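One structure is given below, encoded as structure tokens.
The values are calculated or read from the model by the stated rules, or taken from the named source; none is laboratory data. Just so you know, these numbers come straight off a predicted model, no measurement behind them. Reconstructed Cβ throughout: ideal geometry from the backbone, glycine too, with neighbour counts over all protein chains shown.
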Amino acid sequence: MRPPDSRELRDALGAFVTGVTVVTTVGNSGQPRGFTANSFTSVSLDPPLVLVCISKAALSLSVFQEATGFAVNILAENQRAISHLFATKDPRKFEAVAWSPGPAGNPVFEGAAAWVECTRHQVADGGDHVILIGRVVACGHAPVKPLVYCRGAYVTFGLEERVVAAEGRKTCIGVILERQGCVMMLKNPATGEFVLPTAASIGQPEGKEGLYGALQSLGVRADLGFLFSVFEDGKTGDVSHSTTRTCFDAIEYSSRPIAITHANPQEFVGTDIELNRRNKSTELIKRLAERKGVIGLSMYPKIMKGGSSCTLDTFLDMITWTVDRIGVDHVGFGSDFYTGWPESVIKWWRAGRWSRESAVPIKGFSPWPSWFKSPADFPRIIEGMERRGLSSQEIAKIAGGNWLRLFRESFAPARSNA
Ligand SMILES: Cc1cc2nc3c(=O)[nH]c(=O)nc-3n(C[C@H](O)[C@H](O)[C@H](O)COP(=O)(O)O)c2cc1C
């Protein structure tokens, strides 16, 4: 029998739903150390024992192996960012969270769903991991929902409630149905496009309404499991990184204007660059404008024609080209500017989940173009627009006015928008 390769094993084990923890301790030098872990397990009530497995590749391995104890912080559903951060090797992890020493001195996080502090009970070998077994000496919990992890993604219990609360309003619930590694798509006979099955509500398993009813009419019996995410109508959305289909759907379904905060028309992106779907078609940006949305043209080198060597003239060409097609009320800037962050943090922004090999290959970071080294260079673009003959009123709209208009329209309470 062929043993499963590590991908197959991960896929199979990923179906086991877990919480997410950050395991912490304090090194000999008094430095707090910690890493995100979902291998946490309760072992015994009497004596009270828990375990967590730490990879032999973890930077903090030796600190945890030698430590006299550790804390396990069970994260709350609003602490995804902490989970991301502690899954990186950033040496400044603890600067970004509110924590204090627990009764036994290990870092305990503010806002965690629960925490336990342990003294070291046993350290055992576990293949490419080391098993840390701790004897619980203190614990606490808060009435908040825990963060949940399954199949390499976070799952939010609270979403279920939000969907139920939203039913009856204008909702569109899509379902990803998987069978033998294939995802079910429906063909729209008018456009020939494939879309996920959707309905305005979930319905009941044997009922004729909602998603269940729609699936039954297709002869499909399915168990609807957990929800990955919910897009509430009545809120604005950013579809910079979304596929064409999702962009069109968001524009159509949302009653408020949609934003493409940092992307460029496909005529103005290069060919050998990392696009991440930030090349938008003319048809798409026209529809965005018809629904009062705004596109933020981006100076991010990887998505400009010519990359870092894109000239200011080419960027100005892109502005006037876009204004000519969708009107001056729908164009803004979206620099996507960042600087000074270590690769580990950027990897986490991009990959967004734990994976030894990043899910998105990092190809290095291109330098910003000579005419936009920081937001202090915006005046150079403004001067360029003046040279191109745009009026001061038009420039004011592009340089921020359109975003302010969109924010006013989109972030107003739903009732005043109705
Ligand atoms: C949801 C999630 C669960 C993880 N579970 C574990 C785990 O159980 N054990 C482990 O060693 N690493 C786990 N990791 C990866 C570590 O958090 C990551 O390798 C981290 O960089 C280790 O920190 P260090 O190298 O600074 O010690 C997990 C990451 C995520 C996002």
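In the set (1) modelled with pLDDT of 80 or more; (2) in contact with a strand residue (DSSP E or B) (Cβ under 9 Å, 6 or more places away or on another chain); (3) polar (S, T, N, Q), the condition left unmet by S201 is number (1). The set of residues in the stretch 179-198 that are modelled with pLDDT under 80 and exposed (fewer than 11 other Cβ atoms within 10 Å of the Cβ) comprises R179, Q180, G181, N188, P189, A190, T191, G192. If you go through the stretch 228-250 and keep only what is out of contact with any strand residue (DSSP E or B) (no Cβ under 6 Å at 6 or more places or on another chain), surrounded by fewer than 21 Cβ atoms within 10 Å (Cβ to Cβ) and modelled with pLDDT of 75 or more, you end up with H241, S242, T243, T244, R245, T246, F248, D249. In the stretch 143-156, what residues are in a loop (DSSP other than H, G, I, E, B), more than 11 Å from the ligand (Cβ to nearest atom) and touching a Phe, Trp or Tyr at 6+ places or on another chain (Cβ under 9 Å)? Matches in the stretch 143-156: K145, T156. Residue count for the stretch 15-68 satisfying the condition of being more than 10 Å from the ligand (Cβ to nearest atom), under 21 Å from I82 (Cβ atoms) and of a type in the set (G, A, S): 2.
Comparison of S29, S39, S100, S44 shows that the only residue that is touching a Pro at 6+ places or on another chain (Cβ under 8 Å), surrounded by fewer than 17 Cβ atoms within 10 Å (Cβ to Cβ) and hydroxyl-bearing (S, T, Y) is S100. The set of residues in the stretch 72-123 being more than 15 Å from the ligand (Cβ to nearest atom), assigned to a strand (DSSP E or B) and of a type in the set (G, A, S) consists of S100, A114. For the stretch 311-335, residues that are under 13 Å from P369 (Cα atoms) and of a type outside the set (A, V, I, L, M, F, W, C) total 4. One residue alone among S42, S6, S29 is of a type in the set (G, A, S) and closer than 14 Å to V116 by Cβ, and that residue is S42.
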